[in-house]
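Asks: First the structure, then my questions, so here it is.
The values are calculated or read from the model by the stated rules, or taken from the named source; none is laboratory data. Treat the numbers as computed from the prediction; the structure is a model and nothing was measured. Cβ coordinates were reconstructed from backbone atoms using ideal geometry, including for glycine residues, and neighbour counts include every protein chain displayed. Calculation scope for accessible area: heavy atoms of the full protein, side chains included, ligands and nucleic acids excluded. Shrake-Rupley method; radii C 1.70, N 1.55, O 1.52, S 1.80 Å.
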Amino acid sequence: HPISVEASFTRVLPESYPLASRVVWEFPAREGLPPVTVTWYDGGLKPSQPGELESGRSLPNQGNLYIGSEGKILGGTADGRIIPEERMKRYEAGLKNATPGLPARLIIPTEWLAACRGGAPASCNFDVGGLLTEIVLLGCIAIRCGKKLLWDAEQMRFTNDENANRYLREEYRSGWSL
């Protein structure tokens, strides 16, 4: 779970979301791993051009940029490549002697159907999907509130803005409940 979420964005109307936004989630250290910051850009906003990107190459209109302690990976959801390209080629050359890693996964809808039929749990199961949905929705609330929000996942509430907590639960009309 993130410990905070913050957003910058274009004008927001009560009945819609902004044309563009940048949302930043901070995740704490866990299980021997360091803290992680995740930044989402949309509506044409992009991060700064990485210094590792070769001259003549630019960031794609959509995709991912992973920034790690030992390098950067740029690309779409399935075609990420280490940058610069020269470093990617060195990595690929080293794969010839590598031991196998994670098992190959099926295409997501096929994998999901196999899990429904009693197969192995899908990589996109509800344990992952539920948490991912929570993370995204916290970003939507940060856009609505326009400030950095501190999140207490155990209590399912924001600790620094009581107004933000009103977006967490819906009041149902009389005769309707969930």
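Asks: By DSSP, what percent of the beta bridges with both residues in the chain are antiparallel, rounded to the nearest 5?
Replies: 100 percent
Asks: While we're here: Taking K89 as the anchor, which lysines have their alpha carbon closer than 20 Å to its alpha carbon, excluding any fewer than eight residues away along the same chain?
Replies: Answer for K89, where 20 Å is the Cα cut-off: K72, listed by chain and number.
Asks: Relative to the present Cα-Cα distance, how much length would full extension add between I108 and S69 at 0.36 nm per residue of separation?
Replies: Gain on extension, I108 to S69, equals 11.1 nm.
Asks: Also: For K96 and E54 in one chain, what is 0.36 nm times their gap in residues minus the Cα-Cα distance, to one decimal in nm?
Replies: This chain segment gains 12.6 nm when fully extended.
Asks: Out of the total accessible area of the chain (probe 1.4 Å, heavy atoms of protein only), what percent is carbon and sulfur?
Replies: For the chain, the apolar C and S fraction of the accessible surface comes to 57 percent.
Asks: Continuing with this model, one more query. Stretched out fully, how many nm does the piece from S123 to E85 gain, at 0.36 nm a residue minus the Cα gap?
Replies: Net length gain for the segment: 10.8 nm.
Asks: Also, I was wondering about something else. For the chain, which semi-axes, largest first and in whole Å, follow from the square roots of 5 times the eigenvalues of its Cα gyration tensor?
Replies: After scaling each eigenvalue by five and taking roots: 34, 24, 16 Å.
Asks: Which GluC sites (Glu not before Pro) in segment 90-170 pass both tests, a DSSP loop state and at most 13 other beta-carbon atoms within 10 Å?
Replies: E154, E170
Asks: Tell me, what is the 1.4 Å probe accessible area of C116, in Å² to the nearest 10?
Replies: 80 Å²
Asks: For segment 117-178, state which chymotrypsin sites (Phe, Trp or Tyr not before Pro) are in a DSSP loop and have at most 14 other beta carbons lying within 10 Å of their beta carbon.
Replies: Y172, W176
Asks: Which order do the peptides 79-86, 31-38, 62-69 come out in when sorted by mean C-beta neighbours inside 10 angstrom, highest first?
Replies: Top of the packing list down: 79-86, 62-69, 31-38.
Asks: How large is the accessible surface per residue of the chain, computed with a 1.4 Å probe and reported in Å² as a whole number?
Replies: That works out to 75 Å² for each residue.
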